[in-house]
Amino acid sequence: MIEVKHISKSFGDTQILFDISAQFNPGQVNLIIGASGQGKSVLTKCIVGLHEVDEGKVIYDDRVFSEMGRNDRKLIRQEIGMLFQGSALFDSLTVLENVMFPLKMFTKMSKQERKERAQFCLERVGIVGKDDLLPAETSGGMQKRIGIARAISMNPKYLFCDEPNSGLDPKTSILIDNLIKEITYEYNMTTIVITHDMNSVMEIGDHIIFINQGRKWWEGNNKEIIRTDNKEVVDFVYASTFMKNLRSKLVNN
Amino acid sequence: MNLFEHIGKYFMMLKFVFSKPEKGSVFWERFFTEAQNIVINSIPLIGFLSFFMGGVISLQTASNMSSPLLPEYTIGYITRQSTILEFSPTIISLIIAGKVGSNIASEIGTMRVTEQIDALEIMGVNSIGFLMLPKILATTLFFPFAIILSMLLSLIGGWLAGITSNLYSTKTYIVGLRAFWNVDQHHLYYALGKTMVFAFLITSIACYYGYNVKGGALEVGKASTNSVVAASVTILLANYILTQLVLI
């Protein structure tokens, strides 16, 4: 479980996050949603320690991450897997080497064991026979899946996904969403996904936090978000006229 | 950011560069890969430049020696001294700052903007040490060997240019190369010492600019250019200071 307590964060004179508290439970997909520039990415970067919080605490299973030194954080970071928006695969390494990388850095596995584990993870995300390709030789959807394979290679307890559907077609997006959901349930991970994608919100949002103007504006799940009358959430989720009409039909039914 | 902030951030970065690597075997693998990529792959360029520059130094020295009072072996002597004191360590370092410095800044800068550095950090890897230490150490330790090769090729270039132009004989040139060597041989150690300093500056400055890129492709390009400018200026300043300290 990951908890954030009263987090605030500023860059210079500009305050980005205002007193955000939330709890992200294991075995469910936690979504952080909100319009661009509202502080979702900053919140996630504060949670994983890429930004330091000005106030508040980040707690990983009773371990206060935000107050730890670099070396103590390393141990928790080895329990974290992260899928980046642009996949962030290492250009100079092949697909297999990318997935083997965390194992090579932090385990005492033999080369053969690392290879077997990496191939297992790649198969789990549906990538077969692409071991020797470079990331640039694979499609966007494949890169996301390779990114997930790398993220799960160390059996993480916590999985972060930064806009996993950006740049993907709707069909591939759903595949990636389902993969994240399956892996979360299968390994009982605490998964946090930042997304703009409304399909994701409806499909995999076990727990949703809506961030607006740097504040936690709304919290619920994918069933509650359909019926909420919070104006900002409605404006965000049902941005188009078509979606607004759809919502009114849903609510009326 | 002003100059002093850059200098402060640079030294703070160095603290992380020299922290213990996460895994020794990975470090050594990267160390030798970087030695190959940065130093060994630069040898053809260094060789080509050195050979022709040596030739030009000796030809220009010969063409400017109109006084009959100057012995002919002076050409070999001046070629040797110019090569060892300045041409090989300083000029080659400036050229390498352009080739290698821009390459390193672009590589690390691209890793920054494509979140590969964030990925390393999230995994628990000290990204500064992981990316920079092998590059800095490999260049600092292996670059002097490339400079020794540069010196040899420059002297060979000077010899070939002279004898093919019938300006001096092989014997005279060799007498010039050996002249006052017992007095001047510390120049070689000085040259190799400053080469190590320059190598450290080239790689660490390029790493600094690459690592601190913010933005996209445009900023990566700017970082690459800035790293070459900063490294070149710093090499010249360091060269002046080292010369004052060691030779004067």
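No lab work stands behind these numbers, since they all come straight from the coordinates. This one's a predicted model, so the numbers in the text were calculated from it and none came from an experiment. No Cβ is skipped: glycine too gets one built from the backbone with ideal geometry, and neighbour counts run over all protein chains shown.
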**Prompt:** Within region B:97-138, which residues are outside any helix (DSSP H, G or I) and of a type in the set (D, E, K, R)?
**Reply:** B:Glu115
**Message:** Pairs please, first residue from region B:8-36 and in contact (Cβ under 8 Å) with a residue 40 or more places away in the chain and surrounded by 16 or more Cβ atoms within 10 Å (Cβ to Cβ), second anywhere and among the aliphatic types (A, V, I, L, M) and not in a helix (DSSP H, G or I), Cβ atoms under 8 Å, 6+ apart in sequence or on different chains.
**Reply:** B:Glu22/B:Val125
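Kindly evaluate B:Glu29 against the criterion of being more than 18 Å from the chain's Cα centre (by Cα), among the acidic types (Asp, Glu) and within 14 Å of chain A (Cβ to nearest Cβ). Give the steps one after another, and end with the answer.
Values: more than 18 Å from the chain's Cα centre (by Cα): yes; among the acidic types (Asp, Glu): yes; within 14 Å of chain A (Cβ to nearest Cβ): yes.
For B:Glu29, the condition - more than 18 Å from the chain's Cα centre (by Cα), among the acidic types (Asp, Glu) and within 14 Å of chain A (Cβ to nearest Cβ) - is met.
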**Message:** Restricting to region A:93-139, name every residue that is among the polar types (S, T, N, Q), out of contact with any helix residue (DSSP H, G or I) (no Cβ under 6 Å at 6 or more places or on another chain) and either without any contact (Cβ under 8 Å) to a residue 24 or more places away in the chain or in a helix (DSSP H, G or I) (or both).
**Reply:** A:Ser110, A:Gln112, A:Gln119, A:Ser139
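Considering A:Asn188, A:Asn252, which residue is loosely packed, with under 14 Cβ neighbours inside 10 Å and either in contact with a strand residue (DSSP E or B) (Cβ under 6 Å, 6 or more places away or on another chain) or in contact (Cβ under 8 Å) with a residue 24 or more places away in the chain (or both)? Give the derivation first.
Values: A:Asn252 fails: either in contact with a strand residue (DSSP E or B) (Cβ under 6 Å, 6 or more places away or on another chain) or in contact (Cβ under 8 Å) with a residue 24 or more places away in the chain (or both).
The unique qualifying residue is A:Asn188.
Do the conditions hold for A:Lys9, that is, is it of a type in the set (Lys, Arg), over 27 Å from A:Ile180 (Cα atoms) and in contact (Cβ under 8 Å) with a residue 24 or more places away in the chain?
Numbers: of a type in the set (Lys, Arg): yes; over 27 Å from A:Ile180 (Cα atoms): yes; in contact (Cβ under 8 Å) with a residue 24 or more places away in the chain: yes.
Yes, satisfied.
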**Prompt:** Say we look at region B:60-114 and pick out the residues that are more than 16 Å from the chain's Cα centre (by Cα) and among the acidic types (Asp, Glu); which of these is surrounded by the most Cβ atoms within 10 Å (Cβ to Cβ)?
**Reply:** B:Glu107
**Item:** Selected residue [over 17 Å from the mean Cα position of the chain (by Cα) and without any contact (Cβ under 8 Å) to a residue 40 or more places away in the chain] from A:Lys223, A:Lys216
**Value:** A:Lys223
**Asked** List the pairs whose first member sits in region B:209-236 and is surrounded by 22 or more Cβ atoms within 10 Å (Cβ to Cβ), whose second member is assigned to a loop (DSSP other than H, G, I, E, B), and whose Cβ atoms are under 8 Å apart, counting only residues at least 6 apart or on separate chains?
**Response** B:Val220/B:Val213; B:Ala223/B:Asn212; B:Ala223/B:Val213
**Asked** If you take the residues of region A:58-85 that are basic (Lys, Arg) and within 20 Å of the chain's Cα centre (by Cα), which of them is farthest from the other protein chains (Cβ to nearest Cβ)?
**Response** A:Arg73
